[in-house]
Amino acid sequence: MNIININTRESYDCIVGEGLISLVPSLINDLTINSNIALITDDIVDKLYADSLFNDLKKNRKLKTIKLVIKSGEKSKNKETLFNILEFLGDNNFNRSDYLISLGGGVVGDIVGLSSALYMRGINYIQIPTTLLSMVDSAIGGKTGIDLKSGKNLVGAFKEPKMVICDINIIKDLPSSIFKEGMAEVIKCDIIGNLGIKNNILNNEIKDNIESIINKCLYLKKDIVEKDEFETNGLRKVLNLGHTIAHSIEAISNYSISHGNAVGMGLLIESKISYELGIINKETLDEIINILKISNLIFDLKYDIDELISFMKNDKKNNDELISFILIESFGNIKEIKLNEKELKNILNKIMK
């Protein structure tokens, strides 16, 4: 078991280890001993882990323990689901001293986190991510949100959890299609921090080293969010590598393309933009393409370039008429570049033929 302290405005621990889901009641006991608990999960995770966790939480507890199941998938990350959660809490007379527990992937974590920020202007929550993607990407850092028709994560708040619990055994059981989505965020972290994970990918050693890999990604994100919790000095923007393109792909597909797959394609396209601008060399570009191919994250993308650009204009990182990209100089060296619509369209016409 590894305990990573995230020293942000509200300090909390991220616990990483095997078999932790069975230890959740004891791990959270000191936090929740005098609190009601609402376990919120999705309909897929509910069948796998939520029933046993819910029963474990109810044992020997005098206070209320309730459960809410939402529909899985990005299409649930909307205002209707958000208000269903808020009404559920109100109907059950929850107050500021009570706790929400998010059990699921990034969608569940984001919407439960936003619910905790809004209900009574702030209620406690605990993150138990159940996918590789949510462990390395969204479980720490305090970003919460829902989507609008015009774009992804356009409604949200910063709200830090009280604890994050990452059970490695859950990751080992993931279907390959879900596991590879998380690899997009792992590769993103490796490019940002030069963590050496590309060697694990090239040597087919990911599963054998998954706990170490998750810890490396978490320490990278810890370092970044502690220095720029609210994206005020620009450092935290580097975590958006691949995401300007990815968020547009998700939105234009009406979220039929998952976040992880979209990030994989975002990394590919933004690496090619870096090359077209002369920022990275051909060797680095080929390295990135190779590890994306090995991770099965490259697929045909047939969307209209003008439509992609129209969604990019709504990206939260933009603050003028230019579109912001986090681009790659080399593994471990990232920079922000802003392009106007004409420049971007010319480059995309070259690389997306």
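Which one is farthest from Ile146 (Cα to Cα), of the residues in segment 304-345 that are over 24 Å from the mean Cα position of the chain (by Cα) and either exposed (fewer than 13 other Cβ atoms within 10 Å of the Cβ) or among the aromatic types (Phe, Trp, Tyr) (or both)? Only one residue fits best here, namely Lys342. Scanning segment 39-89 for residues that are more than 22 Å from His259 (Cβ to Cβ), in contact (Cβ under 8 Å) with a residue 40 or more places away in the chain and under 22 Å from the mean Cα position of the chain (by Cα) returns a single hit, Leu39.
If you check Ile21 against the conditions, is it part of a strand (DSSP E or B), of a type in the set (A, V, I, L, M, F, W, C), touching a helix residue (DSSP H, G or I) at 6+ places or on another chain (Cβ under 7 Å) and surrounded by 13 or more Cβ atoms within 10 Å (Cβ to Cβ)? Break it down into steps so the answer makes sense when it comes.
Values: part of a strand (DSSP E or B): no; of a type in the set (A, V, I, L, M, F, W, C): yes; touching a helix residue (DSSP H, G or I) at 6+ places or on another chain (Cβ under 7 Å): yes; surrounded by 13 or more Cβ atoms within 10 Å (Cβ to Cβ): yes.
Considered against the rule, which asks whether it is part of a strand (DSSP E or B), of a type in the set (A, V, I, L, M, F, W, C), touching a helix residue (DSSP H, G or I) at 6+ places or on another chain (Cβ under 7 Å) and surrounded by 13 or more Cβ atoms within 10 Å (Cβ to Cβ), Ile21 comes out as no.
Asn55 meets the conditions (1) closer than 30 Å to Ser253 by Cα; (2) out of contact with any Gly (no Cβ under 9 Å at 6 or more places or on another chain) in every case but one. The failed one is (1).
State yes or no: is Val164 modelled with pLDDT of 95 or more, outside any helix (DSSP H, G or I) and closer than 26 Å to Asn5 by Cα? Against the criterion (modelled with pLDDT of 95 or more, outside any helix (DSSP H, G or I) and closer than 26 Å to Asn5 by Cα), Val164 qualifies. Across segment 24-58, the qualifying residues are those that are touching a Lys or Arg at 6+ places or on another chain (Cβ under 8 Å) and outside any helix (DSSP H, G or I), and the one among them that is farthest from Thr81 (Cα to Cα) is Asn36. Taken over segment 83-115, the residue count meeting the criterion of being of a type in the set (A, V, I, L, M, F, W, C) and surrounded by fewer than 21 Cβ atoms within 10 Å (Cβ to Cβ) is 3.
Please find, within segment 69-125, the residue that is nearest to Lys152 (Cα to Cα) out of those that are assigned to a loop (DSSP other than H, G, I, E, B) and basic (Lys, Arg). Filtering segment 69-125 for residues that are assigned to a loop (DSSP other than H, G, I, E, B) and basic (Lys, Arg), the one nearest to Lys152 (Cα to Cα) comes out as Lys77. Of all the listed residues (Glu343, Glu283), the sole one being part of a helix (DSSP H, G or I), out of contact with any Gly (no Cβ under 9 Å at 6 or more places or on another chain) and more than 30 Å from Thr232 (Cα to Cα) is Glu283.
The values are calculated or read from the model by the stated rules, or taken from the named source; none is laboratory data. Owing to the predicted nature of the structure, the values given are computational and were not obtained by experimental measurement. Cβ atoms come from the backbone with ideal geometry, glycine included; neighbour counts cover every protein chain shown.
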